[in-house]
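These notes concern the structure reproduced below.
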Amino acid sequence: YLNHTCYNGLYRLNKRGQFNVPYGRYKNPKYCDEENLLAVSRALMNVDVLCCSFEEALQLARPGDFVYCDPPYIPISKTSSFTSYTSEGFTLTDHENLRNYILGLTMKNVRIMLTNSDTDVTKNLYNIPYFQIYRLQTKRLINCNSKRRANYINELLIINYHI
């Protein structure tokens, strides 16, 4: 519902933990897509959805597992203010801790894929022999300036296995 009715399909919390995205301007939003909801329900039947820290979630990974991490991106400029999905924020220390957890999982033969912004900070965090860093061009569909939504920007794909 939120993705179909909020501004640009965005989900965000303020510092008090309250949802704070305005309504979008959609002419005919599809509030309930029964076919899609049933397909998602079937896909999630044997899945545990957790509400926990990344540390708690990553502790569940076992050798042979594949883990994809999509943390709040490291800001690419001083005006990039979205650095968190929660009211607690996601600091550089959190990014370092995530890298350390991923490094530990690498030693346990867990395959990791992570995406983040193309910054020197990100490259320095993952400039470790166990990781391969690839630059990708991605399209930005969320931006307060509608003319900049289709622009491509560089992001980094970081993996701990060979492709």
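Database remark: amide H of VAL67 closer than 5 angstrom to the amide H of ARG111, ILE112, MET113 (H placed geometrically; neighbours at sequence offset of 5 or more, or on other chains; Pro and chain starts carry no H). Three semi-axes describe the equivalent ellipsoid of the chain; taken as square roots of 5 times the Cα gyration tensor eigenvalues and ordered largest first, they are 29, 22, 16 Å. Whole-Hz Karplus values for the range 32-41 come out as 9, 9, 4, 4, 5, 4, 5, 5, 5, 4 Hz, taken residue by residue from phi with 6.51 cos²θ - 1.76 cosθ + 1.60 and θ = phi - 60°; glycine and proline positions read x. Rolling a 1.4 Å probe across the protein heavy atoms gives the chain an accessible surface of 72 Å² per residue.
Label zone (GLU35, point 7 Å along Cα-to-C-beta; backbone nitrogen cut-off 19 Å) within the range 1-21: 1, 4. Accessible surface of the chain, 1.4 Å probe: 53 percent of it comes from carbon and sulfur atoms. Where in the range 102-133 does the amide nitrogen come within less than 15 Å of the point 7 Å from the Cα of PHE66, taken along Cα to Cβ? Within reach of a label on PHE66: 110-115. Using just its DSSP H runs of length 4 or more, each adding -39500 (n - 2.57), the chain gives a mean residue ellipticity at 222 nm of -7000 deg cm²/dmol after division by all residues.
The values are calculated or read from the model by the stated rules, or taken from the named source; none is laboratory data. As the structure is a prediction and not an experimental result, all values here were calculated from the model. So basically every Cβ, Gly included, is an ideal-geometry build from the backbone, and we count neighbours across all protein chains shown. Only protein heavy atoms, including side chains, enter the accessible area calculation; ligands, DNA and RNA are left aside. Shrake-Rupley method; radii C 1.70, N 1.55, O 1.52, S 1.80 Å.
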